[in-house]
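Single-structure report; data block below.
The values are calculated or read from the model by the stated rules, or taken from the named source; none is laboratory data. Since the model is a prediction, treat every value here as computed from it, not as a measurement. Cβ: placed from backbone, ideal geometry, glycine included. Neighbour counts: every protein chain shown.
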Amino acid sequence: MTKVNLKIDKPIQLIELFAGIGSQAKALERLGANFEHYRICEFDKYAIKSYNAIHGTDFVTSDITKITASDLGIVDTDQYCYILTYSFPCQDLSLAGKQKGMAKGENTRSGLLWEVERLLNECDELPQILLMENVTQVHGTKNREHFDEWIAFLESKGYSNYWKDLNAKNFGIPQNRNRTFMVSVLGDYTYEFPQEFPLELRLKDMLEDEVDEKYYLSDKMLKGMMNTNFEQYKLENKLKDTSGNADTIVARFDGCPQLVKDKVLVKEATKQGYKEAYEGDGINISSRMKYQRGNVRPNSCQTLTCSGGNDRGVVVSDAHKLRIRKLTPKECWRLMGFDDADFEKAGAEISNTQLYKQAGNSIVVDVLYYIFRNMLGGQEY
């Protein structure tokens with residue numbers, strides 16, 4: 001049988017498992033799609049607060065292990081297109097986690113994927129479309145057996161499955177965030193993932209105009225993260241130290257020059273020992289940076305984590321000199337594709353710590369926007 005291209009032509013009932021703050025709903029809203037916030041499942045009380053504040057809903061917390069198919073409310077697939085999303089926990093898959101995996105029956109956080117299997121097996125009517133998102137390690141060597149097992153299960157239920165790694169930097173957001181997405185369509189349908197396009201925005205375009213001094217790194221933090229082999233750097237770059245002339249050296253820590261005119265020397269685990277960073281570059285400011293590579297991202301930032309501003313920084317110009325500061329919670333939300341209005345609504349409810357966490361746990365709205373747009377036939381409404 002010849003497969004046909006997917007094109008949603010019915011009102012959408014959105015079911016978000018592991019909903020977070022509702023990136024999927026935000027993308028559909030931005031598209032102007034005809035959809036309803038139908039059901040969500042989210043265990044985190046702070047995420048629920050933000051979800052309700054952003055979307056104007058009144059959902060309550062729920063446990064994926066306790067809900068049943070009847071809670072999904074899939075009752076009329078002739079009239080509606082039910083989209084079920086499941087961005088299950090990545091802690092046991094991510095390189096930053098313990099990598100316990102997602103094997104069925106092992107009771108890991110990432111193993112909550114198999115609760116989705118249980119729910120689908122309980123359904124009298126299946127959702128027509130499933131959308132998965134997770135870290136790329138979901139199909140890596142350690143987890144490929146269980147990823148293939150999951151796809152085989154979906155095929156047994158009649159789904160055609162399409163997956164691809166998509167990076168936010170290729171969809172309009174200056175963040176190096178590579179994630180695996182899988183679209184599963186009930187029946188003989190094809191789905192084409194959106195095409196990448198050149199990045200126009202820079203990290204500096206996402207920054208707030210005025211930032212509290214508390215976000216700037218202290219001298220102590222700077223000493224820990226910046227290159228100390230400056231004499232070698234001077235030789236390599238033929239710099240002349242004119243007795244601390246401000247045109248050449250704009251800052252010193254313990255007698256060791258660190259900030260050089262229009263650039264910063266950042267520690268990195270390479271033979272050279274440092275990487276040059278310029279105004280607007282993103283910097284990894286974690287305590288392990290001297291053991292890592294890729295600590296500097298030109299005009300963009302590394303993947304945001306739950307720690308948010310505690311491990312992601314930026315080089316900025318302040319009073320004609322370079323400084324390094326943490327990203328603010330609002331900037332992290334912008335880098336996940338949320339509007340400032342969304343941030344203000346959520347920020348009225350919860351702390352900065354939770355705002356950072358929610359940004360790091362979210363899905364980039366812009367990537368979802370293009371994924372959903374292709375489901376709708378490439379249209380905006």
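In the set (1) closer than 30 Å to Thr141 by Cα; (2) without any contact (Cβ under 8 Å) to a residue 12 or more places away in the chain; (3) touching a Phe, Trp or Tyr at 6+ places or on another chain (Cβ under 9 Å), Asn52 fails one condition alone, (1).
Here is a check on your reading of the model: is Gln128 in contact (Cβ under 8 Å) with a residue 40 or more places away in the chain and either closer than 23 Å to Thr305 by Cβ or of a type in the set (Val, Ile, Thr) (or both)? Here the answer is no, as Gln128 does not meet what is asked. Counted as qualifying within segment 1-80 are the helices (runs of 4 or more DSSP H) with 2 or more residues that are modelled with pLDDT of 95 or more and touching a Gly at 6+ places or on another chain (Cβ under 8 Å), namely 23-31, 45-55.
Close contacts from segment 321-346, counting a first residue that is under 14 Å from Lys214 (Cβ atoms) and a second that is basic (Lys, Arg), with Cβ to Cβ under 6 Å and a gap of 6+ residues or different chains, come to Leu327/Arg312. Counted as qualifying within segment 106-209 are the strands (runs of 3 or more DSSP E) with 1 or more residues that are farther than 17 Å from Ser87 by Cβ, namely 159-167, 178-186. In segment 294-326, the qualifying residues are those that are outside any strand (DSSP E or B) and in contact with a Phe, Trp or Tyr (Cβ under 8 Å, 6 or more places away or on another chain), and the one that is farthest from Ser23 (Cα to Cα) is Pro298. Within the set Ile12, Ile48, Ile54, Ile21, the sole residue that is over 20 Å from Ala341 (Cβ atoms) and buried (at least 17 other Cβ atoms within 10 Å of the Cβ) turns out to be Ile12.
Which of the residues spanning segment 347-381 are part of a helix (DSSP H, G or I), of a type outside the set (Val, Ile, Thr) and farther than 24 Å from Leu84 by Cα? If the condition is that a residue be part of a helix (DSSP H, G or I), of a type outside the set (Val, Ile, Thr) and farther than 24 Å from Leu84 by Cα, then Gly347, Asn352, Gln354, Leu355, Tyr356 are the ones that fit.
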